[in-house]
Amino acid sequence: MFHLRTCAAKLRPLTASQTVRTFSQNRPAAARTFGQVRGYTAPVAAEPFLSGTSSNYVEEMYYAWLENPKSVHKSWDIFFRNTNAGAPPGTAYQSPLPLSPGSLSAVARVQPLVEAQPNVDKLVEDHLAVQSLIRAYQIRGHHVAQLDPLGILDADLDSSVPADIISSTDKLDLAVFKERLRMLTVGGFYGLDESDLDKVFHLPTTTFIGGQESALPLREIIRRLEMAYCQHIGVEFMFINDLEQCQWIRQKFETPGIMQFTNEEKRTLLARLVRSTRFEDFLQRKWSSEKRFGLEGCEVLIPALKTIIDKSSENGVDYVIMGMPHRGRLNVLANVIRKELEQIFCQFDSKLEAADEGSGDVKYHLGMYHRRINRVTDRNITLSLVANPSHLEAADPVVMGKTKAEQFYCGDTEGKKVMSILLHGDAAFAGQGIVYETFHLSDLPSYTTHGTVHVVVNNQIGFTTDPRMARSSPYPTDVARVVNAPIFHVNADDPEAVMYVCKVAAEWRSTFHKDVVVDLVCYRRNGHNEMDEPMFTQPLMYKQIRKQKPVLQKYAELLVSQGVVNQPEYEEEISKYDKICEEAFTRSKDEKILHIKHWLDSPWPGFFTLDGQPRSMTCPPTGLTEDILTHIGNVASSVPVENFTIHGGLSRILKTRGELVKNRTVDWALAEYMAFGSLLKEGIHIRLSGQDVERGTFSHRHHVLHDQNVDKKTCIPMNHLWPNQAPYTVCNSSLSEYGVLGFELGFAMASPNALVLWEAQFGDFHNTAQCIIDQFICPGQAKWVRQNGIVLLLPHGMEGMGPEHSSARPERFLQMCNDDPDVLPNLEEANFDINQLYDCNWIVVNCSTPGNFFHVLRRQILLPFRKPLIIFTPKSLLRHPEARTSFDEMLSGTHFQRVIPEDGLAAQNPANVRRLLFCTGKVYYDLTRERKARGMAEQVAITRIEQLSPFPFDLLLQEEHKNQGYYDYVKPRLRTTISRAKPVWYAGRDPAAAPATGNKKTHLTELQRLLDTAFDLDAFKNFS
């Protein structure tokens, strides 16, 4: 009974007096309402016994009546029955008869206005039905929103109306309502009837459609729900499991009259639409036969982005990093980033000469960095548009990584100063898995950027593919639901709706620091590019598009009709921007040279000279003093915090490290520790990321210690080395290669004074991140004049672990190196080795000693420029007793050895050497063991090539298959080095399709055959 009483009290319709206490709801004041609303509120005089002082008494009586109608006086019983049955104001109350000897029988004869007994169950059911109806609109109203500007497709690919939504029209047509209502009541879905349309219902706390009113007639409830959820905005948010966030969104879209714009805001919107539209028109007039991937059909994107930036700037953001595909990129560069128009126009000149080295890139792939005043907020804002390849969505994690880095370097731990905006196409957003990977980084502690605003340019077509053939989900944006990001679909031909949605998106990001998606449902006026004919595959769509008024024309006509602007003012705005374009076009003819560096998206002020050159072409030695090595080693072998219990097995590992330090020796893990620790001392931030990197795939690193007694209590000894050291970040990533490598690449873009490393769990796992390697890391400097010092650690080695865990595919990296195998460089050139590094596109090494690994990591930072570094790291060598390095090889004055020559008996007596073996990496230890077993230490010399690219011309045997590994890269370069005076023979595994065998016995047989060939001095006797 208690639950019934409480429920009925909350859901009852208003009684004749509004003075009865209703539920307090924190509803903001509405700017306006949709119209006069009929209610049951009546003057106190209409019910003479009610007053402000009696309201508490009335409420107590009402509760008692709900519990037991016979517990109150008959007159109260009649009053409450009449009120709940909908009696008109002033008629529910009937004066009691005067008491007299016959009064009891007289009272019994008093008839209530409504004969039926109070049906509390029906009352509750009706209110629950209304609540269900409200919830239905909140959940599924977007399915019937009018989102398609062309009016020919349903944005959710479903033309049916959800069964629990009564109306799908913007006007509540009674005939339509009756039909829908009949469909719903026949099955008993809501149990409401046409007669309930004018019945007033108390509104639940989960809606804001009442504004300042706490109750509305059903007809008005439906109309307001239609206005909130079924017009040009479709809101998806009810999957979010946070009540505060849901309420926030409801308030933003349900409050009557909340979507209002001042005349000044409308004029600003019109001016931005003019610039967006006329820019594309200008390009079309001047270069009608050029590809430019214009924005026609979604011109509203420019004011949308500017609105997001304006609102974010107002909320304190001063740096916005953007990523986008090619469509509309030139327009964004011109009208959002504010790139000089003449710099854009001159890109269309086929006679323009390239001033920078490298290949350059097409104009609609280039990035930009610009700092300017935001005219709306009068605050400085920095805008960076990241350069990207044609591989759609590949730039997503790169933008996120750069954003994270910028937040890190300015101490923005909550994302209040730096934010990212990502633009997407509808087909790519649904089709590219990297979108999913990037979303799953959005809330991870070491990867979160505290909310990204995603803007989808939903052309409702992908190149030539119909969306019904391009995705299985209703919307292209459904991937965002996995991280509880609200999704705002909006008809792009309603500029004011778009602006409002963008404001809300920016406010959401500022308030909750989580991702949000704006889906601009638009169309593509031309084909995939300006030369493409879309009528081949979408004839009906493009017939409609050709009839479609441009959004600028439609909005201008609206504002003229409203008196916000007049026609001359509108035409003057167009003429003004056209003149700007013409003047810039004239200036562009003076541009004779294309400077790609002017399009740099991530400048490093202070690192290079003013003309972008290194400040020197030397690299200091990479060794350290013994005191520093010892100090780092001692910390690496201890727990630097008190009351911290570590695992027993880890205690043994730390003890072993301590013994190595005492013996002035390092293994692989300790060498890495010393390289990292010393750079931290020099103020270099280090970030190591990847799957299981905190412990290390092979349990060798242990950079994060875990207390065995306290959950989530950890210690990172590397952050306890020096009082004023740089911070060390080591973070296990999600099980992603493509997304995480892209993220770390973006992080490394932000500053040259950081060592950013990504480690693959096994070397061959990098192949799922091949797009980042092929499109960003390898050619990034050549295409965009953008240096990057990211380090890839790729565990590699043929150790019988099967095809998938053996090879890091070194042949792929070496094949993409840009040095010429047939040209011998000038070996007499000063600083030859440094110049070689400067000229290469990346550095590829396979270290055979911990000491050389230490040196190459330190050299990566001490170089006066930045190049990607690919390191094939070992597996068995991590604990190999011979894979040790003395402190002596790491002290001051020492450096990285590109080649390690023979230093044994063969070197002491070179005349006795019958064979010289060139090798790289782990196989060296197999060779030395076999050489010793065969007693051939004087006859066979072994030279290790540690740096494979750029090739050490001034100074091969391999364990991989002949068509893989290093052989095809090294052979022609060795022949060039010796002027082809001697033959270069191959000793190794035969060509194969798979990187390695999965059978242990076969592996050992192949290894033995390799060794036999290497040490058989007559193996190549019969070869010419």
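The values are calculated or read from the model by the stated rules, or taken from the named source; none is laboratory data. The shown structure was predicted, so the numbers you read here are calculated from the model rather than taken from an experiment. Glycine gets a Cβ as well: all are built from the backbone with ideal geometry, and neighbour counts include every protein chain shown. Keep in mind that these areas ignore ligands, DNA and RNA; they rest on the heavy atoms of the full protein, side chains included. Shrake-Rupley method; radii C 1.70, N 1.55, O 1.52, S 1.80 Å.
Here are a few things to note about the model shown:
- Only residues that are crowded, with 21+ Cβ neighbours inside 10 Å and either at positive phi or charged (D, E, K, R) (or both) were counted in the stretch 311-338, giving 4.
- Only residues that are within 18 Å of E889 (Cβ to Cβ) and of a type in the set (S, T, N, Q) were counted in the stretch 616-662, giving 3.
- Subset of the stretch 174-214 [in a loop (DSSP other than H, G, I, E, B), at pLDDT below 85, hydrophobic (A, V, I, L, M, F, W, C) and open to solvent by less than 70 Å² (accessible area, probe 1.4 Å)]: L192
- Residues within the stretch 131-147 that are surrounded by fewer than 19 Cβ atoms within 10 Å (Cβ to Cβ) and within 28 Å of the chain's Cα centre (by Cα), tallied: 1
- Test: P603 is open to solvent by 40 Å² or more (accessible area, probe 1.4 Å), closer than 30 Å to L857 by Cα and touching a helix residue (DSSP H, G or I) at 6+ places or on another chain (Cβ under 6 Å): no
- Selection count where residues are surrounded by fewer than 21 Cβ atoms within 10 Å (Cβ to Cβ) and either within 31 Å of the chain's Cα centre (by Cα) or among the hydrophobic types (A, V, I, L, M, F, W, C) (or both), scope the stretch 275-294: 4
- Within the span defined as the stretch 706-714, every residue fails to be part of a helix (DSSP H, G or I), within 35 Å of the chain's Cα centre (by Cα) and more than 20 Å from H880 (Cα to Cα).
- Restricting the stretch 793-812 to residues that are open to solvent by 10 Å² or more (accessible area, probe 1.4 Å) and outside any loop (DSSP other than H, G, I, E, B), the residue that is nearest to S876 (Cα to Cα): E811
- Being under 24 Å from T452 (Cβ atoms), modelled with pLDDT of 95 or more and small (G, A, S) is a description that applies to A754.
- Among residues that are open to solvent by less than 10 Å² (accessible area, probe 1.4 Å), in contact with a Leu (Cβ under 8 Å, 6 or more places away or on another chain) and in a helix (DSSP H, G or I), V498 is included.
- Residue, least open to solvent (accessible area, probe 1.4 Å), within the stretch 523-557, restricted to residues that are part of a helix (DSSP H, G or I) and of a type in the set (K, R): K554
- Selection of the stretch 384-406 for residues being closer than 10 Å to F743 by Cβ and either open to solvent by 10 Å² or more (accessible area, probe 1.4 Å) or outside any helix (DSSP H, G or I) (or both) yields only K404.
- Filter result for Q787 (of a type outside the set (S, T, Y) and in a helix (DSSP H, G or I)): no
Yes/no per residue for (1) touching a Leu at 6+ places or on another chain (Cβ under 6 Å); (2) surrounded by 15 or more Cβ atoms within 10 Å (Cβ to Cβ); (3) closer than 14 Å to P864 by Cα:
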site: P568; (1), (2), (3): no, no, no
site: E572; (1), (2), (3): no, no, no
site: Y577; (1), (2), (3): no, yes, no
site: C581; (1), (2), (3): no, yes, no
site: A584; (1), (2), (3): yes, yes, no
site: K592; (1), (2), (3): no, no, no
site: T609; (1), (2), (3): no, no, yes
site: T618; (1), (2), (3): no, no, yes
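- Counting only residues that are in a helix (DSSP H, G or I), farther than 20 Å from V124 by Cβ, modelled with pLDDT of 70 or more and open to solvent by 50 Å² or more (accessible area, probe 1.4 Å), the stretch 71-106 holds 1 of them.
- Scanning the stretch 429-461 for residues that are assigned to a helix (DSSP H, G or I) and open to solvent by 10 Å² or more (accessible area, probe 1.4 Å) gives A430, G431, G433, Y436, E437.
- Close contacts from the stretch 251-265, counting a first residue that is surrounded by 21 or more Cβ atoms within 10 Å (Cβ to Cβ) and a second that is part of a helix (DSSP H, G or I) and among the small types (G, A, S), with Cβ to Cβ under 6 Å and a gap of 6+ residues or different chains, come to F253/A228; E254/A228.
Residues checked against (1) more than 26 Å from L670 (Cα to Cα); (2) touching a helix residue (DSSP H, G or I) at 6+ places or on another chain (Cβ under 7 Å):
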{"residue": "A883", "(1), (2)": "no, yes"}
{"residue": "E889", "(1), (2)": "no, yes"}
{"residue": "I900", "(1), (2)": "no, no"}
{"residue": "A907", "(1), (2)": "yes, no"}
{"residue": "C919", "(1), (2)": "no, yes"}
{"residue": "K922", "(1), (2)": "no, yes"}
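- Filtered residues of the stretch 407-423 (kept if out of contact with any Gly (no Cβ under 9 Å at 6 or more places or on another chain) and either under 23 Å from K503 (Cβ atoms) or open to solvent by less than 20 Å² (accessible area, probe 1.4 Å) (or both)): D412, E414, V418
- Selection from the stretch 729-761 of residues that are in contact with a His (Cβ under 8 Å, 6 or more places away or on another chain), assigned to a strand (DSSP E or B) and under 13 Å from V693 (Cα atoms): T729, V730
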